[in-house]
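What follows is calculated from the coordinates using simple rules that are stated; it is not laboratory data. Model, not experiment: these values are computed from the prediction. Note that each Cβ is placed from the backbone with ideal geometry, even for glycine, and that neighbours are counted across all protein chains shown.
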Amino acid sequence: MFAVVPCLVCAQTVEQWDHYDIALTVPASEVKGNPFDVELNATFVHGNDTLIVPGYYDGKDKQGEVWKVRFMPTIEGFWHYTTRSSIQSLSDKTGTLTCTPATEGNHGPVKVDSTGLHFCYADGTRYIPVGTTSYDWMHASNAPAFSTADPGLTMQQQTLLSLGESGFNKVRSLLIVQNFDRTYPEPDAFPFVAIDGYDPTNGNAARWDWTRLNTRYFDHVEQCTEGLLKLGIEQDLILFHPYDNGRWGFDEMPREAGELLCRYVAARFGAYRNIWWSLANEYDFLRKQPISNWDAWTDAIIANDPYHHLISIHSYTAKYYKYWDERYTHCSIQDQAPVEAPGRAITVLNIYKKPVIFDEVCYEGDMTERWGWLSGEEELYRMWNAYMAGTYCTHSECFQFGDPHDFRRDFLAVGGKWYGESWKRIRFMRQILDAMPRPMYLPDSSWDPYTSACGPGYYMVYLGKQVAKEWRFDLPIRNSRDGFPRMTEGERYKVEIIDTWNMTITESPTIITTKKQDNYRMVAEGDGMIALPELPYLLLRITRID
């Protein structure tokens, strides 16, 4: 006996890159043993294309035990599916659905583009990650929002409002709750089922059944992921972290428990187009987890993700991982040194030859720790240094306002409201980045760390902390590594002065005509000087006039 139970997102038609749920219910009396041991998948067929999608256990309802298969159609048209399971009543169930065209704003999941160095959506639209970090925002739902006009908002709701206001298009989030040593309210739920119950109020130690997951915990993560999806924000989901400090033992879980978690998460969340996989934050601080476990957990995610979402792993400062491993689609790096000055970051890109995101470069804030005391100007400066080199950068802020342990005011820790200044410049930054015809690249990097090419006849010069009255036109003849035409004499260029901090764009009245200086550089006929407003953090956009 079984029932196909429609859920809110189910329909016989589903748009491309949205998700479609098949819910199968079995009477509890017919389920023997551990439901997480049940094998279930569905084979989806569209012409000559086939996807085998793993299913997952979704707990109990009034009718019995529920399993689901969550599918993201990748091609428009007619799909047919058939289920297979180790439980007979879940097997050989068939159905059809029609995939309709993606609606406005739905570009599909992000992937590495054809250059191997940058990102695009599945429909080919370029994607430039300008992200932030809020580790525990999904697990702060039982706390009231701090300093908000609406006292009815939770911290989680306030975080989504803040993200929508900011213009960020990616957020790094912890899947597993972290330990704030009771300086913050206890989480509503935990990812594994507790043995003999767990009451955090009486201080008893937690004991977990490492073979059984708490499906309700993942309901909540699902709701948060959907909240980000509605905002067009990628969910960079961090699966493991060391911030348990022995309190609950999640940082010391057995290898088999980690594999169960990875299989489950891939099956349950893989059909969300806005998912990225981050195996860990500061993996090397999980000192009881050998490299063999990280390999096994990486393989478990990949084997159960038929959509091939982006995947990486993150380490402590300047402790670079084996990103040359083909399983990892991009580099997720904690190291501020490559972005503290112009031009350095391209070295990392040239070594790994795949997209590089500096996911931690220290944070804007007023903390006593050196990693959380940047000014807003310095935070934005480091971000621009990363983008100028053809790499990417992730932001966050951690203001405490007095008590250094009051994480409720720390966006990096738990989300909520913004208190800094750099976030206000993100939407403007994205406008500049999105207007470029191609991603930035330093064409003469060893000699000129300030000038990037962004396609034929399109250049950016970031002056950063320099303050000057004028700038002398002086650009590399070479345009890019993609073989675009080199700059020639007699070309005409206009210069726009972009104040990245004050968010203004001013076109210089001076039109430049190029003249060859030597085999490597092009200057301007005449004096070739562009008047500047004597401010720091200026970006010059230099484009050819055809």
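Rg/Rh for segment 442-518 (Cα atoms only, Rh after Kirkwood) is 0.95.
Projecting the Cα atoms of Thr211, Ser86, His330 onto the charge dipole of the chain, computed from C-beta unit charges around the Cα centre, puts His330 farthest toward the positive end.
Summary of packing: across the peptides 93-103, 210-220, 466-476, the per-residue average of other C-beta atoms within 10 Å ranks them, highest first, as 210-220, 466-476, 93-103.
Taking the number of Cβ atoms within 10 Å of each Cβ as an exposure proxy, the fewest-first ranking of Ser89, Ser315 is Ser89, Ser315. Sort all Cα-Cα distances of segment 110-435 into consecutive 10 angstrom bins from zero, then give the percent of pairs in each bin up to the one containing the longest distance. With 10 Å bins starting at 0, P(r) equals 6, 27, 37, 24, 6, 0. Look at the alpha carbon pairs under 8 Å that are at least 6 residues apart: their mean separation over the length of the chain gives a relative contact order of 11 percent.
The separation of segment 26-98 from segment 103-137, counted between C-alpha centres, amounts to 29 Å. The candidate values were (1) 23.9, 77; (2) 22.9, 80; (3) 25.4, 89; the one computed from these coordinates for Rg and Dmax of the Cα atoms in Å carries the label (3). With 10 Å bins beginning at zero, the pair-distance distribution over Cα atoms of segment 298-368 amounts to 18, 46, 25, 11, 1 %. Between Gln517 and Thr368, the C-beta separation translates, for a Förster distance of 45 Å, into a calculated FRET efficiency of about 0.35. Charge dipole of segment 3-100 (Cα centre as origin; +1 on each Lys and Arg Cβ, -1 on each Asp and Glu Cβ, all else neutral): 240 debye, rounded to the nearest 20.
In debye, nearest 20, what is the charge dipole magnitude of segment 110-435 about its Cα centre with +1 on Lys and Arg Cβ and -1 on Asp and Glu Cβ, if you could check? It would help to have the intermediate numbers written out before the result.
Details: 31 positive and 44 negative charges, 145 e Å.
In total the dipole reaches around 700 debye.
Only bridges whose two residues both fall in the chain count here: according to DSSP, what percent of them are antiparallel, nearest 5? Counting only bridges with both partners in the chain, antiparallel ones make up about 70 percent.
For segment 312-388, the set of GluC sites (Glu not before Pro) satisfying both a DSSP loop assignment and a count of at most 10 other C-beta atoms within 10 Å is given as Glu326. Taken about its Cα centre, the chain carries a charge dipole of roughly 880 debye when the Cβ of each Lys and Arg holds +1 and the Cβ of each Asp and Glu holds -1. The loop-placed GluC sites (Glu not before Pro) in segment 473-546, going by DSSP, that have at most 10 neighbouring Cβ atoms within 10 Å of their Cβ come out as Glu534. Among the trypsin sites (Lys or Arg not before Pro) within segment 230-288, those in coil by DSSP and having at most 12 neighbouring Cβ atoms inside 10 Å are Arg287, Lys288.
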